[in-house]
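First up is the structure itself, then whatever we jot down about it.
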């Protein structure tokens, strides 16, 4: 509980009247002081009872990238038959969501934003439900601890382009020609031992040190392999994580399937199991902790 500015002003007035009553031994001032104190006591009880029979249910919290907000969703339930007034719901230090009136039995959906300032995996902080009823003089609050967890993925930063260098060839096809068709998808670096059938000799003539292979998507769905080795040229781990996160974000935006090779996670690439993209993003969030 804390006093609002108006509540602090009322307290100072009460103390002033009481001081005058003591100094001058004035019965009228004593009466006024006790009346004001009684009024404040009733206001306090009203504020406390205004929070009784309220329940807060958490639904979910969405993870997001550093520099953006994680969205917490839940509902505030009035389990009494009487209306509740002048309510606020918020995270400490954040702008509150305000409700002037919550009817008896009513459920109110709530969305709260959690600014993400650093990478990692976190537990949602306690949600505060507060009341300034009846006159805004007292600010009475109750905290609801949360057990939901969310990830703050690395900040999106770098080059968003997904090139053919990241493409995985269809199983059993090492020539650069996808099965089921001949749709040209781009170029990627030549890998030792591959057939020279689809080497782009025109590009090689311009740059003999850069042997490129034509990639054909065919009828199969494109899939990309994003590797920690592809970002080793960047200055530090945070820059590397940001670049990988941006590639993953771009792939999801374009509905492109991808896999990732990261030092702190080793999902099998051979058993055909599809790994949820959120698994890779979680691995980036908690780096270098293994997952």
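Please work out if residue 39 is at pLDDT below 85 and either surrounded by 12 or more Cβ atoms within 10 Å (Cβ to Cβ) or under 19 Å from residue 124 (Cβ atoms) (or both).
Yes; evaluated as a whole, the condition is true for this residue.
Which number in (1) crowded, with 16+ Cβ neighbours inside 10 Å; (2) modelled with pLDDT of 85 or more marks the one condition that residue 229 misses?
(1)
For the condition surrounded by 15 or more Cβ atoms within 10 Å (Cβ to Cβ), over 30 Å from residue 246 (Cα atoms) and free of Cβ contacts under 8 Å to residues at least 60 places away in the same chain, what is the one hit in 138, 45, 112, 87?
Testing whether each residue is surrounded by 15 or more Cβ atoms within 10 Å (Cβ to Cβ), over 30 Å from residue 246 (Cα atoms) and free of Cβ contacts under 8 Å to residues at least 60 places away in the same chain leaves just 87.
Residue 93 - would you say it is in the same structural domain as residue 132 (by TED's automatic domain parsing) and in a loop (DSSP other than H, G, I, E, B)?
So residue 93 passes the test.
I want to confirm something. Restricting to region 55-68 and keeping residues that are surrounded by fewer than 15 Cβ atoms within 10 Å (Cβ to Cβ) and touching a strand residue (DSSP E or B) at 6+ places or on another chain (Cβ under 6 Å), which single residue is nearest to residue 129 (Cα to Cα)?
Ranking the candidates gives 55 first.
Take region 141-163 and flag every residue that is buried (at least 16 other Cβ atoms within 10 Å of the Cβ) and in a strand (DSSP E or B).
Within region 141-163, 141, 144, 150, 151, 152, 153 qualify.
Condition check: more than 30 Å from residue 150 (Cβ to Cβ), modelled with pLDDT of 90 or more, outside the structural domain of residue 279 (by TED's automatic domain parsing) and part of a loop (DSSP other than H, G, I, E, B). Does residue 67 satisfy that?
Taking the combined requirement at face value, the residue does not satisfy it.
Output the residues belonging to region 108-140 that are outside any strand (DSSP E or B), farther than 20 Å from residue 76 by Cα and modelled with pLDDT of 90 or more.
Correct list: 116, 117, 118, 119.
Which condition from (1) closer than 20 Å to residue 260 by Cα; (2) modelled with pLDDT of 85 or more; (3) assigned to a loop (DSSP other than H, G, I, E, B) is the one that residue 170 breaks?
Checking residue 170 against (1) closer than 20 Å to residue 260 by Cα; (2) modelled with pLDDT of 85 or more; (3) assigned to a loop (DSSP other than H, G, I, E, B), the one that fails is (2).
Restricting attention to region 117-130, report how many residues are surrounded by 12 or more Cβ atoms within 10 Å (Cβ to Cβ) and more than 19 Å from residue 59 (Cβ to Cβ).
4
What do you reckon, is residue 105 touching a strand residue (DSSP E or B) at 6+ places or on another chain (Cβ under 8 Å), farther than 30 Å from residue 279 by Cα and assigned to a loop (DSSP other than H, G, I, E, B)?
Taking the combined requirement at face value, the residue satisfies it.
The values are calculated or read from the model by the stated rules, or taken from the named source; none is laboratory data. Treat the numbers as computed from the prediction; the structure is a model and nothing was measured. So basically every Cβ, Gly included, is an ideal-geometry build from the backbone, and we count neighbours across all protein chains shown.
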